[in-house]
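Step one of this worksheet: look at the structure below.
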Amino acid sequence: MEKTEDSKGSSVKVEDPKDELQELLQTLEQKSAWNGEQLVKYKEFWFPVRLFRPILSTQKYFKAKNTDIILSTTPKSGTTWLKALTYSIVNRHMYPIDQSPLLTSNPHSVVDTFEFHTYLKQENPDLECVPNPRIFSTHISFNVLPDSIRESECKIIYICRNPLDLFTSFWNFLLENKEDNHAKPISIDEAFDMFCKGYSAFGPFWDHILGYWNAHLNDSEKVMFLKYEDLKEDIAFHIKKIAEFIGFPFSLEEEKQGVVEQISRLCSFENLSNLDVNKTGSSMIFKYSSFFRKGKVGDWTNYLTPAMAERMLNLMESKLKGSGLMFKTYDDKTSC
Ligand code: PAP
């Protein structure tokens, strides 16, 4: 808390935003996540304490424009892929595919995430200068999004993934980046138990998914709902669907020229994961290679026991009951 003088020269206290944050944090429940990260419970969701300030700043300051595109995801559900795809669709007339910035930049460098980039660097950055349509990404749950996102005509594209692969991906990401964080060693059983109890960054994952699912059911023109497994099954169909949803449909001419397939190839796991930038580069915190592991449906079978899988599937059944939502947990092409 700072002290200053009022118009009469008496000393008054001025709230420092950092103090306000500390005061709020003291009133909220906190817990260690399975990855060792400290979480705080805010409006029924568990947010990483280290990202709480930028999350609150996003909520307070972000003013959505009708032309904005917001990519929302549960972590490890296809954020990197969705960023690459949306960026390529929107900018296809600006950069020919063979000159795409994605060939030399990681997808996380071409589309900023509110809580990791935009509002982490500055509390209230000037975003007016960002060219339209602006594309932003976030893991923030639907109920904590800034009002202006919900109230404007901007579009939200949400992607999620079956929780068995999501957990497996998260677990491997943690191992891959373990020198860079201070997580205490934890067994996969312990981690899985906590994940199933919802103690996970931006979790509980089922509430995250249901929040966006219900928003999609309520207004499918506003919120597009995607599943990683469906994109793996038919990417060309989904590229066209995304393009139409955000108002950048492909012309017949473009389709004939194979632009959809070109974008599909550019953004594919095989292509992106083999680019130099993604093999050797890193952000301040993460190796870019750790965003490209296997990119498969059903890899959980190499990490989780049948009992673990059964527990998760029962949990999902009870949490998603009546919602109409279901997930594929195997790749149809490889499973028997
Ligand atoms: P993030 O939320 O931390 O940004 P995110 O990109 O959502 O991570 O998830 C990473 C997963 O997407 C990884 O899955 P895996 O661990 O099961 O392999 C990664 O391999 C996969 N992935 C990244 N890029 C692509 C892509 N272009 N196509 C398909 N899958 C991809």
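Observations, loosely collected:
- Linear extension gain, S32 paired with E128, 0.36 nm per residue minus alpha-carbon span: 30.8 nm
- For a straight C-alpha distance cut-off of 22 angstrom, the lysines reachable from K287 (same-chain residues fewer than eight places away being disregarded) are K76, K83, K121, K178, K184, K279, K296.
- With protein chains left intact and a 1.4 Å probe, residues in the chain average 49 Å² of accessible area per residue.
- Comparing T73, T113, T301 in a Gaussian network model of the chain (Cα springs below 10 Å), the most mobile by mean-square fluctuation is T301.
- Label-point separation in nm, L320 to N177, each point 7 Å along Cα→Cβ: 2.6 nm
- Summed side-chain charge close to Q262 - residues other than Q262 whose Cβ falls under 10 Å, Lys, Arg +1, Asp, Glu -1: -1
- Virtual spin-label span in nm between T67 and L25, 7 Å along Cα→Cβ: 3.8 nm
- Dividing the convex hull volume of the alpha carbon atoms of the chain by its residue count gives 162 Å³ per residue.
- Pairwise FRET efficiency - S109 versus K60, Cβ, R0 = 30 Å, nearest 0.05: 0.70
- Relative contact order [Cα under 8 Å, 6+ residues apart], the chain, whole percent: 22 percent
- Amide N of the stretch 73-111 lying under 12 Å from the label point, which is placed 7 angstrom from the Cα of N218 along Cα→Cβ: none
- Potential lengthening of the chain between L252 and D331 amounts to 25.3 nm, from the contour at 0.36 nm per residue minus the alpha-carbon distance.
- Loop sites in the stretch 212-250: GluC sites (Glu not before Pro), DSSP, at most 16 other Cβ within 10 Å: E221
- Antiparallel DSSP beta bridges within the chain, as percent of all bridges there, nearest 5: 45 percent
- Dipole magnitude of the chain about its Cα centre (Cβ charges: Lys, Arg +1; Asp, Glu -1), debye to nearest 20: 320 debye
- Filtered trypsin sites (Lys or Arg not before Pro), the stretch 130-207: DSSP coil and at most 16 other beta carbons within 10 Å: K197
- Accessible surface of the chain [probe 1.4 Å, protein heavy atoms]: carbon and sulfur percent: 51 percent
- The stretch between N271 and E153, if pulled fully straight at 0.36 nm per residue, gains 39.1 nm over its current Cα-Cα span.
- 5 Å binning of all Cα-Cα separations within the stretch 199-275, expressed as whole percents from 0 upward: 3, 12, 17, 19, 17, 16, 10, 4, 1, 0
- In a DSSP loop and with at most 10 other Cβ atoms within 10 Å, the trypsin sites (Lys or Arg not before Pro) in the stretch 257-336 are K321, K333.
The values are calculated or read from the model by the stated rules, or taken from the named source; none is laboratory data. Nothing here was measured: the structure is a model prediction, and the numbers come from that model. As a convention, Cβ positions derive from the backbone with ideal geometry for all residues, glycine included, and neighbour counts pool all protein chains shown. To get the accessible areas, we keep the full protein, side chains included, count just its heavy atoms, and leave off ligands, DNA and RNA. Shrake-Rupley method; radii C 1.70, N 1.55, O 1.52, S 1.80 Å.
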